[in-house]
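Asks: Would you mind keeping the following structure in view while I ask a few things?
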Amino acid sequence: MKYLSYILLLAFNLSVASEIRYLSPGAMAVDEKQSLIYTTLTTAKAIAVTDIAAGQTTGQIKLKQNPNGILLSPDASTLFVSTGDAAGTVNVIALPAKKVKSTIPTGHTPEGMVLSADNKFLYVANRFSNTVSVIDVAKGKVIKNIPAIREPRSLCMTPDGKTIAVANFLPAEASTAPVVAAQITLIDAATNTVRTHVTLASGAQSLAGISCSSDGRYLYAVHLLSRFNVPVTQLDRGWVNTNALSIIDLADRSLYATVLLDDVDRGAANPYGICTGENGELYIALSGSHELMTIDMNGLHESLSALFKGEEKDAYVRNKEELSSSLSFISPYKKRTALKGRSPREVVYAGGRIYVSSRFSPFIEAVSAEGGQPVALVLGEEPEPDGIRRGELAFCDASICYQQWQSCASCHPDGRADGLNWDQQNDGLGNPKNTKSLLYSHVTPPSMITGIRESAEAAVRSGILHTLQTRQPETLAVDIDDYLKSMRPLESPFLREYKKRDPKQTGKKLFEQAGCAQCHEGKYLTDLTKYDIGNDAGRPFDTPALNEIWRTAPYLYDGRAATLQEVFTIYNTNDKHGFTKNLSKEELDALILYINTL
């Protein structure tokens, strides 16, 4: 009998252990009484509920998919949680019962959300559908999808409830365009139509977080500002990647200013979440350098106004354009607080505290606006990190880079591509090439567009030495290898459309008839061979894997084609890149739709 009891107890413990997974804390919401904080556990299919006064997590709300974003209704009676990827949904959770009362289908990978001023409509950013869904809360269904630019992730409602701002994560232009930059979409909340798109400074990418000033005059956005127009020869003084705050004048709907978050000799790598305080402060999670940045926006705005009026002089800033190159302009107004958490992602302000979640730590941190050391609030247990998990952290960690200017994720967000051209030294200067996605890079040698590295393993080690410009233990490189090998493609947002519009698989047949399948063959859709396809006479380039091609624009070795349409209609008139010049418009559309499903 004792033996049976032991077996049952062991089985129970093993069952509990099997349910323990990495938590990956993400977006948070604090109730109106500032007594509870809800935290998305983005890889554990749950929401953690933490009692702020007790400093303890009291339970979890279980979900069917991993949560991406969270929003609490003003009366704290309803929790909205965006979940999943291709089959994205919004879970409507009743409080205090903590029960999912309905699930509303949305677009591909719903993330940020905001409620209309009257709480009747919920707006949801669908990252890979490139739309913002408008949900009628009472009816529990999507009534409209508003087009965005590229990978909308964060939303912000102006205090007057008239405008919804949308942060588009990546640039959408060809990499050879005069300006290559992420944009902010401004939506009229009364008509649910796009008012305008505000283009940020050239090089702006990885636009992760936005927030409005309390008076509704300005919109703040944090992002990388990549110096992709110069050869990659050094890191000093932000030569390659800088990290920026852009300020949008909402009255003029224009870019007011872009300032750098970095110090002269230390980067503020990978700014992510952002929120405003009650006294004009701005709080930013510096994901790559594991810090919280506080900016006195009242002081910064006074200085900017004086500079633009000519009332204040700066030795290093002679005009508005030079402001985005100054590593010292905002120094008097910022403070950096080191965090215990690894890779802080989201921030929320409540009751004189800033709460910060970090992807690779099983806790959130409370930081007093008055100063002092962060206090950790444990969310739950998780296993010791394995090689994949350690590799993902290393990939996002700017502390392994010289002066913390960047991480691997700076040019390869989510292990994919930033949409920019870079002039690396590995095959000589003067020939910038588009960033490649690292998906399946370890099974499709050689690496780099010109095949200059014989393997992804060699590329990882060269990247650490020559791009991050430090020396690291071999074990760290092995961990990064493990992480990259673990990546899997997401389902294409075009797949369902293709199945509906092309039941006879005309696009797939044209892919074979046009000769595309001769080079893009097998599981990874590449024959691992280099070809001269006529875009740069006499220069052969590696045949890329086409998996997830729908999310890796722009195209061709230097990103000269913004879309697949341009690949064939503008840059394949000689039929060296597949036999497509004689295809009808309908046939070409069918071919492109099929390619976008891969």
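The values are calculated or read from the model by the stated rules, or taken from the named source; none is laboratory data. Predicted model only: the values in this text are computed from it and were never measured. Cβ placement follows ideal geometry from the backbone for every residue including glycine, while neighbour counts extend to all protein chains displayed.
Asks: Being surrounded by 23 or more Cβ atoms within 10 Å (Cβ to Cβ), aromatic (Phe, Trp, Tyr) and at pLDDT 95 or above, is that true of even one residue in the range 19-37?
Replies: no
Asks: For residue 414, indicate whether it is over 20 Å from the mean Cα position of the chain (by Cα), more than 24 Å from residue 38 (Cα to Cα) and either acidic (Asp, Glu) or surrounded by fewer than 22 Cβ atoms within 10 Å (Cβ to Cβ) (or both).
Replies: Judged against the criteria, residue 414 is not a match.
Asks: Now a separate question. Could you name every one of the helices (runs of 4 or more DSSP H) located completely within the range 378-466 that has at least 2 residues being farther than 30 Å from residue 363 by Cα, among the β-branched types (Val, Ile, Thr) and at pLDDT 95 or above?
Replies: Helices (runs of 4 or more DSSP H) meeting the threshold: none at all.
Asks: Can you name the number of the only condition in (1) under 25 Å from residue 221 (Cβ atoms); (2) at pLDDT 95 or above that residue 369 fails?
Replies: Failed condition: (2).
Asks: Over 26 Å from residue 561 (Cα atoms) and either aromatic (Phe, Trp, Tyr) or in contact with a helix residue (DSSP H, G or I) (Cβ under 9 Å, 6 or more places away or on another chain) (or both), is that true of residue 121?
Replies: Here the answer is yes, as residue 121 does meet what is asked.
Asks: While we're looking at this one, here's another question. Pull up the range 148-167, narrow it to residues that are part of a strand (DSSP E or B) and either among the β-branched types (Val, Ile, Thr) or touching a His at 6+ places or on another chain (Cβ under 7 Å) (or both), then point me to the one that is surrounded by the fewest Cβ atoms within 10 Å (Cβ to Cβ).
Replies: Per the stated criteria, the residue is 163.
Asks: Taking the range 108-140 as the region of interest, how many residues are closer than 30 Å to residue 59 by Cβ, touching a residue at least 24 places away in the same chain (Cβ under 8 Å) and either in a strand (DSSP E or B) or not β-branched (Val, Ile, Thr) (or both)?
Replies: 16
Asks: Also, quick follow-up: What's the number of the only condition in (1) of a type in the set (A, V, I, L, M); (2) surrounded by fewer than 19 Cβ atoms within 10 Å (Cβ to Cβ); (3) assigned to a strand (DSSP E or B) that residue 245 fails to meet?
Replies: For residue 245, the failing item is (2).
Asks: May I ask you to list the residues in the range 293-340 that are free of Cβ contacts under 8 Å to residues at least 12 places away in the same chain, over 14 Å from residue 280 (Cβ atoms) and among the charged types (D, E, K, R)?
Replies: If the condition is that a residue be free of Cβ contacts under 8 Å to residues at least 12 places away in the same chain, over 14 Å from residue 280 (Cβ atoms) and among the charged types (D, E, K, R), then 309, 311, 312, 313, 318, 321, 322 are the ones that fit.
Asks: Pick out the one residue from 430, 419 that is of a type in the set (Gly, Ala, Ser) and either more than 23 Å from residue 179 (Cβ to Cβ) or out of contact with any strand residue (DSSP E or B) (no Cβ under 8 Å at 6 or more places or on another chain) (or both).
Replies: Going through 430, 419 in turn, the sole match is 430.
Asks: Within the range 247-267, track down each residue that is out of contact with any helix residue (DSSP H, G or I) (no Cβ under 8 Å at 6 or more places or on another chain) and touching a residue at least 60 places away in the same chain (Cβ under 8 Å).
Replies: 248, 250, 253, 261
Asks: In this structure, is residue 429 in contact with a helix residue (DSSP H, G or I) (Cβ under 7 Å, 6 or more places away or on another chain) and more than 16 Å from residue 241 (Cβ to Cβ)?
Replies: Judged against the criteria, residue 429 is not a match.
Asks: Could I ask something else about it? Hey, which of the strands (runs of 3 or more DSSP E) in the range 301-361, taking only ones fully inside, have at least 2 residues that are of a type in the set (Gly, Ala, Ser)?
Replies: Counting at least 2 such residues, we get 353-358.
Asks: What residue, of 273, 267, 288, is under 30 Å from residue 409 (Cα atoms), surrounded by 14 or more Cβ atoms within 10 Å (Cβ to Cβ) and touching a Lys or Arg at 6+ places or on another chain (Cβ under 7 Å)?
Replies: 273
Asks: Please count how many residues of the range 211-242 are crowded, with 24+ Cβ neighbours inside 10 Å and either within 14 Å of residue 169 (Cα to Cα) or touching a helix residue (DSSP H, G or I) at 6+ places or on another chain (Cβ under 6 Å) (or both).
Replies: Residues flagged as crowded, with 24+ Cβ neighbours inside 10 Å and either within 14 Å of residue 169 (Cα to Cα) or touching a helix residue (DSSP H, G or I) at 6+ places or on another chain (Cβ under 6 Å) (or both) within the range 211-242 amount to 7.
Asks: Okay, next question. How many of the residues in the range 448-467 are in contact (Cβ under 8 Å) with a residue 60 or more places away in the chain, farther than 22 Å from residue 170 by Cα and surrounded by 19 or more Cβ atoms within 10 Å (Cβ to Cβ)?
Replies: Summing the residues that are in contact (Cβ under 8 Å) with a residue 60 or more places away in the chain, farther than 22 Å from residue 170 by Cα and surrounded by 19 or more Cβ atoms within 10 Å (Cβ to Cβ) in the range 448-467 gives 2.
Asks: Please count how many residues of the range 168-225 are among the polar types (S, T, N, Q), more than 20 Å from the chain's Cα centre (by Cα) and part of a loop (DSSP other than H, G, I, E, B).
Replies: Total meeting the criteria: 5.
Asks: Residues in the range 555-598 that are touching a strand residue (DSSP E or B) at 6+ places or on another chain (Cβ under 6 Å) and not β-branched (Val, Ile, Thr): how many?
Replies: The number of residues fulfilling the criteria is 6.
Quick grid of which residues meet (1) modelled with pLDDT of 95 or more; (2) within 27 Å of residue 114 (Cβ to Cβ); (3) aliphatic (A, V, I, L, M); (4) within 21 Å of the chain's Cα centre (by Cα):
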| site | (1), (2), (3), (4) |
| --- | --- |
| 233 | no, no, no, no |
| 242 | yes, no, no, yes |
| 260 | yes, no, yes, yes |
| 271 | yes, yes, no, yes |
| 274 | yes, yes, yes, yes |
| 278 | no, yes, no, no |
| 285 | yes, yes, yes, yes |
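Asks: List every residue pair whose Cβ atoms sit under 7 Å apart, with the two residues 6 or more apart in sequence or on different chains, where the first one lies in the range 377-389 and is more than 30 Å from residue 54 (Cα to Cα) and the second, anywhere, is part of a loop (DSSP other than H, G, I, E, B).
Replies: 389/22
Asks: Of all residues in the range 78-95, which are closer than 11 Å to residue 126 by Cα and among the hydroxyl-bearing types (Ser, Thr, Tyr)?
Replies: Those that are closer than 11 Å to residue 126 by Cα and among the hydroxyl-bearing types (Ser, Thr, Tyr): 82, 83, 89.
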